[in-house]
1. Just to check I understand the Karplus step: with θ = phi - 60° and J = 6.51 cos²θ - 1.76 cosθ + 1.60, what whole-Hz values come out for the stretch 325-334, glycine and proline as x?
2. Heavy atoms of the protein only, probe of 1.4 Å, neighbouring chains included. What is the accessible area of residue 467 in Å², nearest 10?
3. How much accessible area per residue does the stretch 320-363 have, counting only protein heavy atoms and a probe of 1.4 Å, in square angstrom?
4. With every protein chain left in place, what is the accessible area per residue of the stretch 51-143 in square angstrom, probe 1.4 Å?
5. What number, in percent, do you get for the relative contact order of the chain if the mean sequence gap of Cα pairs under 8 Å and at least 6 apart is divided by its residue count?
6. Do any trypsin sites (Lys or Arg not before Pro) in the stretch 82-127 lie in a DSSP loop with no more than 16 other beta carbon atoms within 10 Å, and if so, which?
7. Please work out whether the stretch 42-169 counts as rounded, prolate or oblate from its C-alpha gyration tensor, where a ≥ b ≥ c are the square roots of the eigenvalues and a/c under 1.5 means rounded, while otherwise a/b larger than b/c means prolate and anything else oblate?
8. Which percent of the accessible heavy-atom area of the chain goes to carbon and sulfur, probe 1.4 angstrom?
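The values are calculated or read from the model by the stated rules, or taken from the named source; none is laboratory data. Just so it is clear, the model here is predicted, and its values are computed rather than measured. For neighbour counting, all protein chains shown are included, and Cβ atoms are generated from backbone atoms with ideal geometry for every residue, glycine included. Just the protein is used for accessible areas: all its heavy atoms, side chains included, with ligands, DNA and RNA removed. Shrake-Rupley method; radii C 1.70, N 1.55, O 1.52, S 1.80 Å.
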Amino acid sequence: MLGLDAKHTLILVDGQRILGGHAAAVDLQQIPIEAVERIEVVKGPASALYGSDAIAGVINIITKSAPKKLSAFASTSFGTRSIQVHEASTGFKRNKFGSFLNYTYRRSNGIHKKYDEFWENIFQGSFEYEFTPKFRLILKPYYSEHKMKYEERKQQRISLNSLCEWTPDELSKLKLKGSWFNYKHWTADKSSDWHRDAYEIEINYSRLILNIHTLTAGYYYYKEDINDKGKAYEADQNFHSFFIQDEIDFSPFIFVLGVRIDDHDRWGTEINPKASLLYKVTENFKLRASVGRAFRSPTLVKLYADGWRMGPYLVHANPDLEPEKSVGYQVGAEYKFSEKLLVKLSYFRNELRDLIHHRIVKKFHPRFGFPLFPWDLYWENIGKAMTQGVELSLASQIKDNLSAIFGYTFLDTEDKETKKELTYRPKHKLTLELNWTIPGINLNINPEVIYIGQRYDSDYNKLSGYTIFNLALTRDIGKYVSIFGRIDNIFNKKNVPDEYDIDGIEFWGGIRANF
C-alpha cells in the first residue's frame, strides 16, 4: 500500500490485531471469505488512532454478525492443484440474542506438493446479547488449525474478541473492548516450536459537542508474550496508549485533529499527531488533504532472539533497536460526474527513517577463499527511504447491467542510503475489472486484468512487467442455488521472480446454496 512493505500496513479483524509467524505479513487466508461482512481501508499514516504498524494504512476486516432472520449457507468447490474448499454457516436473531457460526475446510497441494501441501480447519463465530436498547455485548470466538505435510508443520490460532457498547444518550457512546489471541507453531522435530499470546484492552468515549465537535478519547493497553523453544528465548512487551481525536464540522469544511501517545516498556514513548481536511466544494466535488506521523515497533524476535540459524546465517538480536518512523502526506480530489461515473485522484508521499535492515558479515578461508559458514546477520536501524506517487480510480455504471472499475498507480521510490529505487516496487500498476449481468439467463461475467510494471530485484536487476488475465462466472439456478467458476492467469504466465504464487493457469469451480 502506497509503495510500502506489507509489514507497514496494520491488519485488524473486528478491531483486533491478529498474530502469525515471525514473518511481517499477515496470512489473510485464515479469515474465511464467507465470514466477512465488509472490509474498511484507511490509507496513509494512522498511528494517531491505531498505534504501531499503521504507517501505510489500516485494513480492518469486519466479520458477520447475527442476521435478522434464520439463514444458512453452504458451498463446495474444487480447483487446480487439488484445491478443495468446503464451507457452511448459519445464523439467527431472536428477541435479544443473536448468533452467527461459520466452518471452513480447505486443502491444497500448492505450487510444489512436497513443500506446500496443507489442510486447514477454521471455526468462526459471533454471539450478541442486547441487555437493553442502549447496552449490548458481542463475543467473537475464533479457532483454526493449519497442517502441512512437509516437516509435519502445524499452526494453531485461538482468539476471543469482545465488545461492550453503551449509548447513554443520542450524543454519546462508550465502548469497552477486550481480546485475547494465542498462536502456536511447531514441526515434528521441534526445530520450530513457539507460541505467542496477545492481550488487548481498549476503552473509548465519543460525544457530540455544540453540534460541531465530535470528540473521541480513549485508553489502550497491549501485552504480548512469546516462548520460542526452537530459538531458545522468551520475551514479552507491553505498552499503554492514550489518544484523542476531534472531528470539527464547519461545513463545507471538516477538520479532523488527533494525537496518540504510546508508552512502551522497552523503547520508550512515541507521540503521533495527524491532521486532515475535507472540503465539500459541491455535493459532487470534494477535496481532501492530510498529514500525519506514524511508527512501527521492532518485533520481539529481532530484539531478543540471539544466536539462531537461518539458512547460512547466524542471526544476532539487537535489544537497542528503535521503532521505524514515518511522516506521510496526502492530497486528493473526488468528483461525481453523474450517478454513473465517480473519479478519484490523489497524490501521496511518505518519508521514512530508522528503517530496520540486516547487515551481513561474511567469513572466508584466509588462504583458499571459500566461504566459512555460518555468516553473521545483525539487525540495525540504518535505513531512510521515500515513496511518492499518484493514484487514479474510476468507477462507472456503463449500463444497468454492466459496470467497470479502473485503477492506476504511478510510484516513485528512493532508498536514501544507496540513492537507488526501492526493490520490488513496480513504477506502474494498472487494474481493470468489469461486471456484466445477463438477466435472461441469470449469468454474471466478471473479467479482470492486472498489469504490474518494471521493478528491481535485490541485486538491482530490472524485472520485466507482466499482465494477468482472470475470468469469473456465476449463474443462479432457481432462488437458492448458484454455480460458479473461475479461471485465473488465463494466458499461463509463469516464472515471475518476485511472485511465488503465479505459476500457470488455475481453474476453480463449485456450487453454493443460500437458505
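1. My calculation for the stretch 325-334 gives 10, 8, 10, x, 10, 9, 9, x, 9, 9 Hz in order.
2. So the heavy atoms of residue 467 present about 50 Å² to solvent.
3. Averaged over the residues of the stretch 320-363, the accessible area is 57 Å².
4. Details: 4460 Å² over 93 residues.
About 48 Å² of surface per residue is accessible.
5. 9 percent
6. In loop regions of the stretch 82-127 (DSSP not H, G, I, E or B), the sparsely surrounded trypsin sites (Lys or Arg not before Pro) are 96.
7. oblate
8. 58 percent
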